[in-house]
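To start, the structure under review is shown below, and the notes come after it.
The values are calculated or read from the model by the stated rules, or taken from the named source; none is laboratory data. These numbers were taken from a predicted model, which means no experiment stands behind them. Using ideal geometry, Cβ is built from the backbone for each residue, glycine included, and neighbour counts are taken over all protein chains shown.
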Amino acid sequence: MTRGFPMATTMRDEAWPVRERIVAFARDASFELSPRDGAALAAAASLAPGSRVSITWLPRDADDDRVAAARALHDRGLVPVPHIAARMIEDEAHLAGLIGRLCGEAGVSQLLVIGGDAKQPRGPFAASTDLLSSPALAHPMVRRIAVGGYPEGHPWAGEALLDAKIAAIGALGVTAEVITQLCFDSGPILAWARVFRARHPEVPVRLGIAGPASIRTLLRYARICGVGNSAKALVARGASIARLLAEAAPDPLLRDLAETPDIDALAPVGVHLFPFGGFERTARWIGAVAEGHFRFRGSDSGFQVDPAG
């Protein structure tokens with residue numbers, strides 16, 4: 001069973017709603033791994049049953065790798081969400097065959113459709129929009145298709161194009177979802193989410209955040225992902241980061257989201273973790289948060305996690 005999105009509850013102690021929202025975000029978090037990352041696949045076994053795990057599409061990975069990883073996750077009671085990269089698909093037959101294998105051999109029911117990293121398309125699909133018009137995506141086992149959202153903008157993927165993608169997914173008769181690009185600052189995320197929710201009241205959204213990692217690693221990925229403005233928040237919180245011995249975790253962002261007065265109006269909303277510091281580290285950190293093993297830092301932002309409980 002796919003886990004739901006966090007819903008806030010009300011308690012007499014004002015600190016509890018924020019704490020419960022943080023726990024709810026952590027318990028519903030989705031993750032990401034590479035299909036040939038054996039260590040990540042092994043660490044995924046520690047996730048709660050029903051957790052969603054995206055499977056990236058790297059040029060060096062083969063379809064057999066994608067299917068094997070999806071099957072391993074499914075067999076462990078997790079929900080595999082393979083990426084389908086438009087520019088890496090050779091033709092309609094390749095697409096139909098891959099989706100057929102993912103669904104038939106690995107129990108896949110959810111996909112994330114992306115453009116892909118290739119500069120030149122291998123076949124007729126130059127962008128994710130092209131892929132969404134393919135009848136191969138109307139496989140009877142496919143129940144949900146996610147696409148990317150860009151709170152900090154994208155050179156050629158504006159909001160009108162996102163709306164068109166959501167409409168195309170609806171035309172296929174499946175549920176649409178949006179997983180956003182990596183962000184380090186709640187400001188752009190919330191501003192984008194409010195505008196998006198006004199247009200799409202019921203489309204689930206997962207906000208892309210980084211798992212715990214060194215600042216150097218996070219800044220490097222921020223440059224790669226084109227989110228330099230958001231990365232400024234990472235540097236601005238240097239005082240808190242220093243206490244973590246130069247490791248930054250997403251606790252300030254999670255706390256910001258949980259303390260946002262209108263966060264319930266943005267539901268259904270969850271978080272998607274990019275484990276740049278390693279899948280096991282990310283799973284262990286968010287698992288501790290899900291168990292409530294953290295304490296607030298008083299007037300400081302974020303919270304301190306105690307992995308040992």
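The figures follow:
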read-out: Conditions (1) at pLDDT 95 or above; (2) not in a helix (DSSP H, G or I); number of the one not met by ASP13; value: (1)
read-out: Test for ALA146: is it touching a Lys or Arg at 6+ places or on another chain (Cβ under 8 Å), farther than 17 Å from THR180 by Cα and not in a helix (DSSP H, G or I); value: no
read-out: Candidates VAL271, VAL289 - the one that is assigned to a strand (DSSP E or B), under 18 Å from the mean Cα position of the chain (by Cα), within 18 Å of VAL23 (Cα to Cα) and modelled with pLDDT of 95 or more; value: VAL271
read-out: Among (1) closer than 17 Å to ASP28 by Cβ; (2) surrounded by 17 or more Cβ atoms within 10 Å (Cβ to Cβ); (3) not polar (S, T, N, Q) - the single one GLY292 does not satisfy; value: (2)
read-out: Members of region 44-62 found to be out of contact with any Gly (no Cβ under 8 Å at 6 or more places or on another chain) and in a helix (DSSP H, G or I), listed by number; value: ALA44, ALA45
read-out: Test: residue in region 90-113 that is surrounded by fewer than 21 Cβ atoms within 10 Å (Cβ to Cβ), among the charged types (D, E, K, R), outside any strand (DSSP E or B) and in contact with a Ser or Thr (Cβ under 9 Å, 6 or more places away or on another chain); value: yes
read-out: Positions within region 27-43 being assigned to a helix (DSSP H, G or I) and either surrounded by 17 or more Cβ atoms within 10 Å (Cβ to Cβ) or under 15 Å from the mean Cα position of the chain (by Cα) (or both), in sequence order; value: ARG27, ALA40, LEU41, ALA43
read-out: Pairs, first more than 23 Å from SER46 (Cα to Cα) and among the polar types (S, T, N, Q) in region 282-309, second at pLDDT below 95 and assigned to a loop (DSSP other than H, G, I, E, B), C-beta under 9 Å, six or more apart; value: SER301/ARG237
read-out: Residue count for region 114-142, restricted to those that are part of a loop (DSSP other than H, G, I, E, B) and hydrophobic (A, V, I, L, M, F, W, C); value: 7
read-out: Test for ALA239: is it modelled with pLDDT of 90 or more, over 30 Å from GLY115 (Cβ atoms) and touching an Asp or Glu at 6+ places or on another chain (Cβ under 9 Å); value: no
read-out: Number of the condition not met by THR282 [criteria: (1) modelled with pLDDT of 95 or more; (2) crowded, with 22+ Cβ neighbours inside 10 Å; (3) touching a helix residue (DSSP H, G or I) at 6+ places or on another chain (Cβ under 6 Å); (4) part of a helix (DSSP H, G or I)]; value: (3)
read-out: Among the candidates ALA164, ALA193, residue that is crowded, with 22+ Cβ neighbours inside 10 Å, in a helix (DSSP H, G or I), among the hydrophobic types (A, V, I, L, M, F, W, C) and touching a residue at least 12 places away in the same chain (Cβ under 8 Å); value: ALA193
read-out: Residue that is nearest to ARG76 (Cα to Cα), among those in region 114-136 that are crowded, with 21+ Cβ neighbours inside 10 Å and not small (Gly, Ala, Ser); value: ILE114
read-out: Failed item in (1) assigned to a strand (DSSP E or B); (2) within 18 Å of ARG27 (Cα to Cα), with HIS83 passing the rest; value: (2)
read-out: Of all residues in region 149-192 being under 24 Å from ASP262 (Cβ atoms) and small (Gly, Ala, Ser), the one that is modelled with the highest pLDDT; value: ALA176
